Structures are given as structure tokens and as C-alpha cells.
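Structure, as C-alpha cells:
Here, each number is a calculation from the coordinates, and none is a lab measurement. In this text the structure is predicted, and so the values were computed from the model without any measurement. FYI the Cβ positions are ideal-geometry reconstructions off the backbone, even for glycines, and counts take in every protein chain you see.
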Amino acid sequence: MNPARPAPRNDRLAGRVALVTGGAAGIGAAIVRQFVAEGARVLVGDRDQPRGEALCASLGPATVFRALDVADADSFRAAIQDLVARWGRLDILVNNAGIALPAETVQHTTLPQFEQLIDVNLRSVFLGCKFAHPHLRAARGCVLNISSMAGVTGQERHAVYGATKGAINALTKCAAVDWGREGIRINALCPAGVRTDTLRAWIATQPDAAGIETYLRQIHALGYCPEPDEIATVAAFLCSDEARFITGCILPVSGGSECGYNVHAPFSLADPQS
Ligand SMILES: NC(=O)c1ccc[n+]([C@@H]2O[C@H](COP(=O)([O-])OP(=O)(O)OC[C@H]3O[C@@H](n4cnc5c(N)ncnc54)[C@H](O)[C@@H]3O)[C@@H](O)[C@H]2O)c1
């Protein structure tokens, strides 16, 4: 059971301008909502135009949608140029867009599948950081990469996905060293499981849906799989001045999954509230 509480409203991001990739759905959409609630203006960059436009319509003039394919260099460069032309600055880049499928072993991943995972998950982070850098330097801004615990601890049948996330974590630490003196912070946030379309698509590929629900509770020491808003509040913190002395951090937001997946517990694991 998810004991989610509404996040306190505050103005940690007042006056900030952000680009959230993959912002139309899931974790990205929750970050967009949280950033707007905390005072930021946000360009939602996503390849899903109807969903992105609907989100922006629901949030009002602090948001604008732009069609974006993060794997395409020209598309990414143009999105950042548009944002800066519109709002005059870029303070925060959230590299969130990503794909998890196919979730497979090395031997069962084809070369085109490997290349797609690398392009959407990793090449995109490189492109975003590269094109945003002059604007972030001018604003003394920050980057937040949405990574994964699969890039820290490893995960069964996620070889290439995990490799992209492990590489993002390494890029984050190296860029933090390069950019620290320029006043640019860069961090990575690592969820384990989060209830989004990507997770639901993965569950749909599994033969035992009920067993997967149990697994999702058990891998998190806190005993449940979180909703996207529980990731978004931490994202806002990391992109705010409250985190001004944090850079190069690979932060698990994972309910303690890194302490050990409790997958051998009986499936009748007690509800944490009982
Ligand atoms: N959901 C989880 O359990 C989980 C766990 C760990 C890490 N993550 C990471 O969180 C991030 C967001 O995942 P999510 O679960 O919210 O996914 P999601 O599928 O709910 O949303 C992803 C969004 O990214 C967009 N997108 C995909 N490819 C794109 C591209 N090439 N260009 C632009 N937009 C694109 C999609 O249209 C969608 O709006 C990903 O990087 C994922 O790896 C998710």
C-alpha cells in the first residue's frame, strides 16, 4: 500500500526555467507538475504530442509543450534553442526520457535493440548536457539525470538497459568534476520500481502478474512500489538551492532496495501498515 502524502507546496523553484524530457507521462509528468507547483516554468519535451499538450493545457501558461525526440541531435538542439528564445534562460535540464524494453539478457538482445536503448537512454543524456551547457553555465544551473538502480546493482534480464543507466551514472560523476568550477551541478536519481506505463508494459510481458506485484513490494525495503510523485519531490529538491552543495551524486530513491532485494520472503509479506 502506498502511504503517499501530498507534498508541501513551496517556492523552491521560483523564477527557474526547466526542460523536462519525456515530460508527457510517468515520472517526467510528475516532475513537471511538481516543478510548476514550486514556481518554475517548464518546457515539456516529448515525442507523445497529444499527451504532452494535454498535460500543458491542464497546468496553464507556466508550461509549454514541444515535440522532441531525445535521440535526434537536431531535435534536441532546436528544443533548447526554442526554450531559451521563449524564456531567455535555462536553469534546469531534467534528462528523464527513457525506454526499458526489451528487458532481456545480452544473448537475447538484438543489435538494433541494443542501439535503440543506447540512443534513447544514453546518447540523449550526452546530447542534452552538450547543448544545454552554455545556458547552464550562464545561469549557474543544474542537470538531473533520471537513472535507475539497475545501473547500480544490476537487474535480471536488463543487461543493456542497466548498461545505459550505469553509463549515465559515470557521465554524471565525470561531468560534475568538469563543471563544478563553472557553478553547474549535475546529479542522477535512481528509482528501483515506479508505477508508470513503462513498468506496466514490463509487467504485461511477465507470465505471473500476481507474482510480479509481490516482487515489486518485496524489492523495496519500505514494502511498496511508489507512485511517480514520490520521485518528483526529490527531483525538485535536487534542482533547488536546498541542494546547492550536492553534485555528482547518484541518489537512490528506491525505498531501500539497494540494501538487498527481499525476493526470498514468503509471498504473504506483511503489509507494512499492519
Ligand atoms: N518506472 C520505473 O519503474 C523506472 C525505474 C527506474 C528508472 N526509470 C526511469 O525513469 C525514466 C522515466 O520512465 P517512466 O517509467 O516514467 O516512463 P513512461 O513510459 O511512463 O514515460 C516515458 C516518457 O518518455 C517519452 N519518451 C520515450 N522515448 C522518447 C524519445 N525518444 N524522445 C522523447 N520522449 C520520449 C514517452 O513518450 C513518455 O512520455 C526513464 O529514464 C526510466 O528508465 C523508471
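At-a-glance table
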item: Projected area averaged over orientations for the stretch 23-154, convex hull of C-alpha atoms, nm²; result: 8.6
item: Residue-count net charge about residue 212 - beta-carbon cut-off 13 Å; Lys, Arg +1, Asp, Glu -1; result: +1
item: Note, ³J(HN,Hα) from phi for the stretch 91-104, Karplus 6.51, -1.76, 1.60, rounded to Hz, x at Gly and Pro; result: 9, 9, 10, 10, 7, 10, 3, x, 10, 10, 9, x, 8, 8
item: Selected from 210, 40, 14 as most flexible by GNM, with the chain as the system and alpha-carbon contacts under 10 Å; result: 210
item: Cβ-defined net charge surrounding residue 65, 10 Å radius [Lys, Arg +1; Asp, Glu -1]; result: -1
item: Cα gyration tensor category, rounded, prolate or oblate, for the chain with a/c compared to 1.5; result: prolate
item: Overall Cα dimensions of the stretch 141-251, principal axis frame, Å, largest first; result: 50, 27, 22
item: D_trans [Stokes-Einstein, Kirkwood Rh over alpha-carbon pairs] for the stretch 12-83, 37 °C, 0.692 mPa s, µm² s⁻¹; result: 279
item: Cα long-axis angle, helix 49-59 against the chain (0 to 90 degrees, to the nearest 10); result: 70
item: Evaluated over the stretch 131-203, the Cα radius of gyration and Dmax, each in Å; result: 14.5, 44
item: Tilt relative to the chain, helix 229-238 - C-alpha long axis, 0 to 90 degrees, to 10; result: 40
item: Charge dipole (debye, nearest 20) of the stretch 1-143; +1 at Cβ of Lys and Arg, -1 at Cβ of Asp and Glu; result: 680
item: Theoretical FRET efficiency, 1/(1+(r/R0)^6), r = Cβ-Cβ of residue 205 and residue 89, R0 45 Å, to 0.05; result: 0.60
item: Counted charge near residue 248, where neighbours are those whose Cβ lies closer than 15 Å (Asp, Glu -1; Lys, Arg +1); result: +2
